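Reading through the structure tokens given below for one structure.
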Amino acid sequence: MSLPMMYPEPVLIPMRQELTRLGVEELRTAAEVDAALEQATGTTMVVVNSVCGCAARFARPAVATALAHAVTPDRSVTVFAGQDREATERARAYFTGYPPSSPSIALLKDGALVFMLQRRDIEGRNADAIAADLMRAFDTHCTP
């Protein structure tokens, strides 16, 4: 059963494209999330996108900066909180031990959560500081 969308889709297109133009794969259904994460090998960054100001001002720009780093995850995917609800709920099921948060950015290695930035880690910080956290996680967990 599909849940109703909170915002008209045309409003979200630029917010979605801010990540997809970087090569981040958008997952819009629970089945797509499971296909991407269930049997994942290597590293996968999962961005829980949002319409909120901290996603626009901090999280998405931080992801853009971090993905320009020399070391990056094998795969990067995104779900959109409040819009693609089933996909978002499914993605959050992989974030063991963390409550729902948007925006948020997770790094999984061989399907296991190894790094997590929640809204509280994003809100009120600048994009460069958040990108630095991501790049440190990439250096620690991803293969150059």
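If you take the alpha carbon radius of gyration of segment 79-131 and divide it by 2.2 N^0.38 Å, what ratio comes out, to two decimals?
In units of the 2.2 N^0.38 Å rule of thumb, it is 1.15.
Projected onto the charge dipole of segment 9-141 (+1 at Lys/Arg Cβ, -1 at Asp/Glu Cβ, origin at the Cα centre), which of Pro103, Gly53, Val33 gives the Cα projection farthest towards the positive end?
Gly53
Would you please name the trypsin sites (Lys or Arg not before Pro) within segment 90-142 that are DSSP coil residues with at most 13 other C-beta atoms within 10 Å of their C-beta? Let's see the in-between values first.
On the way: sites: Arg90, Arg92, Lys109, Arg119, Arg120, Arg125, Arg136; in loops: Arg125.
Listed in order of number, the matching sites amount to none.
When the helices in the chain are scored as -39500 (n - 2.57) per DSSP H run of 4 or longer and the sum is shared across all residues, what 222 nm value do you end up with, to the nearest 500 deg cm²/dmol? Write down the numbers at each step before the final one.
Working: 6 runs with 55 residues, N = 144.
Value at 222 nm, helices only: -11000 deg cm²/dmol.
If you plug each phi of segment 65-73 into the Karplus form 6.51 cos²θ - 1.76 cosθ + 1.60 with θ = phi - 60°, what whole-Hz ³J(HN,Hα) values come out, in order, with x for Gly and Pro?
3J(HN,Hα) across segment 65-73, in whole Hz: 5, 5, 6, 8, 5, 5, 10, 9, x.
With +1 on the Cβ of every Lys and Arg and -1 on the Cβ of every Asp and Glu, and nothing else charged, how large is the dipole of the chain about its Cα centre, in debye rounded to the nearest 20?
Working: 14 positive and 17 negative charges, 68 e Å.
Dipole size: approximately 320 debye.
Rounded, prolate or oblate: pick one for segment 1-50, where a ≥ b ≥ c are the square roots of the eigenvalues of its C-alpha gyration tensor, a/c under 1.5 means rounded, and failing that, prolate if a/b is larger than b/c, else oblate. The partial results should precede the final answer.
Values: a/c = 3.06, a/b = 1.36, b/c = 2.25.
It is oblate, given that a/c is not under 1.5 and a/b is not larger than b/c.
Hey, if you drop one equal point scatterer on each alpha-carbon of segment 9-141 and run the Debye formula without solvent, what base-10 log of I(q)/I(0) do you get at q = 0.12, 0.21 Å⁻¹?
-0.38, -1.31
Order of 6-18, 32-44 by packing, highest average Cβ count within 10 Å first? Each step should come with its number before you reach the end.
Working: 6-18: 12.5, 32-44: 16.8.
For the peptides 6-18, 32-44, the packing ranking is 32-44, 6-18.
For Phe115, what residues show an amide H to amide H distance below 5 Å, using hydrogens built from the backbone and excluding near sequence neighbours?
Leu107
For Thr29 and Gln17, compute 0.36 nm times the residue count separating them, minus their Cα-Cα distance, and round to one decimal in nm.
On the way: separation 12, 0.36 × 12 = 4.32 nm, distance 1.74 nm.
Working it through step by step, the gained length comes to 2.6 nm.
Determine the dipole magnitude for segment 51-107: charges of +1 sit on the beta-carbon of Lys and Arg, -1 on that of Asp and Glu, nothing else is charged, the reference point is the Cα centre, and the result goes in debye to the nearest 20.
Working: 6 positive and 4 negative charges, 23 e Å.
Charge dipole, segment 51-107, about its Cα centre: 120 debye, nearest 20.
Report ³J(HN,Hα) in whole Hz for each residue of segment 44-50, in order, from the Karplus equation J = 6.51 cos²θ - 1.76 cosθ + 1.60 where θ = phi - 60°; Gly and Pro get x.
Once rounded to whole Hz, the list reads 9, 8, 10, 9, 8, 7, 7.
Each reported figure results from applying straightforward, stated rules to the coordinates on display, with no laboratory input. What you are looking at is a predicted structure, and each value in this text was computed from that prediction instead of being measured. Note that each Cβ is placed from the backbone with ideal geometry, even for glycine, and that neighbours are counted across all protein chains shown.
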